[in-house]
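The values are calculated or read from the model by the stated rules, or taken from the named source; none is laboratory data. All values derive from a computational prediction rather than experimental measurement. Note that we place each Cβ from the backbone using ideal geometry, even for glycine, and neighbour counts take in every protein chain shown.
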Amino acid sequence: MVLLSPSLSLPRLHFIRNHRGSIVQGQKNCRLNNKAKVCSCASSKPIQQNGFCRRDLVLFGLSSSLSLGFPTPGSVAGEDVKMASFVDEINAYTYLYPMELPSKKFLFKWVESRKPERYSSAAPLSPNARLRIVSERVDIIDNLIISVTIGPPNVQFLKSKDKSTWNAKDVADSVLSDKSALRVTSSQRMAESSVLDAHTSKVDGEPYWFYEYLVRKSPTNLGQEPNLYRHYVASTAEREGYLYSISASTLGMQWDEMGPFLEKSVASFHLLPPTDDYVPPYKDPWRFW
């Protein structure tokens, strides 16, 4: 990883704030499949535009050699997008993800790289194994990643147990400090990223913390440009002493085309009432299957 230079001129893009209500209401045609529900829905409303790990580097390198069939930047803002809904009943959350731009005949090519699994058996994101990926989907051709992680708060940034006192920047720092595959300190992990924006919103009376950040990537054989980086949007909620976070990202050079759809996915993320299939993160920490 390469440290993101504070002097680097980068776009400050603020992602959407209040699409959650309209997004959730549009879900329909659900079916249950291996404790995860997939629903399809279509949205005709305009989309407003307000890293760390080895798998990111693989995608980062692949994208440099692929010819991407993105819609033109000017056509994205008012584009109709067909969305699908993903429900993880093991960890009790849901979100939408883009499937198709019908008018452009553009199809997203998602692969479920990590199926939903309980926290105790999920893949860790750092040597201390605090933050773990409980599900992930990847579009390798278009270089998109949507992942959901669970982990305890980092008391270095979130000293109070009263989540109503937390601010979004501290929550972002807490999550990002544990999001690294390198054996480095929390402060070094934070230095790998640059937070552009952070704010808090209430959803069903509960705080959700939204943040947008960049991660500078090392040049690869396939992409030698010095200022390549991944652009992320993320949302975090707290339940039973653990932080549930969704992050969606693409290369910075593709943000104008793909960013609005990733923003919509992150804005749709919310926790669900637990069912009989729900497994809390603290249950059976010794279990690895």
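Evaluate the stretch 111-134: report whether one residue or more is of a type in the set (Lys, Arg), buried (at least 20 other Cβ atoms within 10 Å of the Cβ) and within 16 Å of the chain's Cα centre (by Cα).
So far as the stretch 111-134 goes, yes, one or more of its residues are of a type in the set (Lys, Arg), buried (at least 20 other Cβ atoms within 10 Å of the Cβ) and within 16 Å of the chain's Cα centre (by Cα).
Considering only residues that are farther than 25 Å from Pro152 by Cα and in contact with a helix residue (DSSP H, G or I) (Cβ under 9 Å, 6 or more places away or on another chain), look in the stretch 240-252 and name the one that is surrounded by the most Cβ atoms within 10 Å (Cβ to Cβ).
Residues of the stretch 240-252 farther than 25 Å from Pro152 by Cα: 250-252.
Cutting the leftovers down to in contact with a helix residue (DSSP H, G or I) (Cβ under 9 Å, 6 or more places away or on another chain) gives us 250-251.
Details: Thr250: 24, Leu251: 21.
If we take residues in the stretch 240-252 being farther than 25 Å from Pro152 by Cα and in contact with a helix residue (DSSP H, G or I) (Cβ under 9 Å, 6 or more places away or on another chain), then Thr250 is surrounded by the most Cβ atoms within 10 Å (Cβ to Cβ).
Please work out which one of (1) surrounded by 21 or more Cβ atoms within 10 Å (Cβ to Cβ); (2) modelled with pLDDT of 95 or more; (3) farther than 21 Å from Phe86 by Cα; (4) of a type in the set (S, T, N, Q) is the condition Ser147 fails and give its number.
The number of the failed condition is (3).
Just a yes or no: is a residue in the stretch 237-247 farther than 23 Å from Pro280 by Cα, modelled with pLDDT of 95 or more and not in a loop (DSSP other than H, G, I, E, B)? Walk me through it before giving the result.
Of the stretch 237-247, the ones farther than 23 Å from Pro280 by Cα are none.
No, the stretch 237-247 has no match at all.
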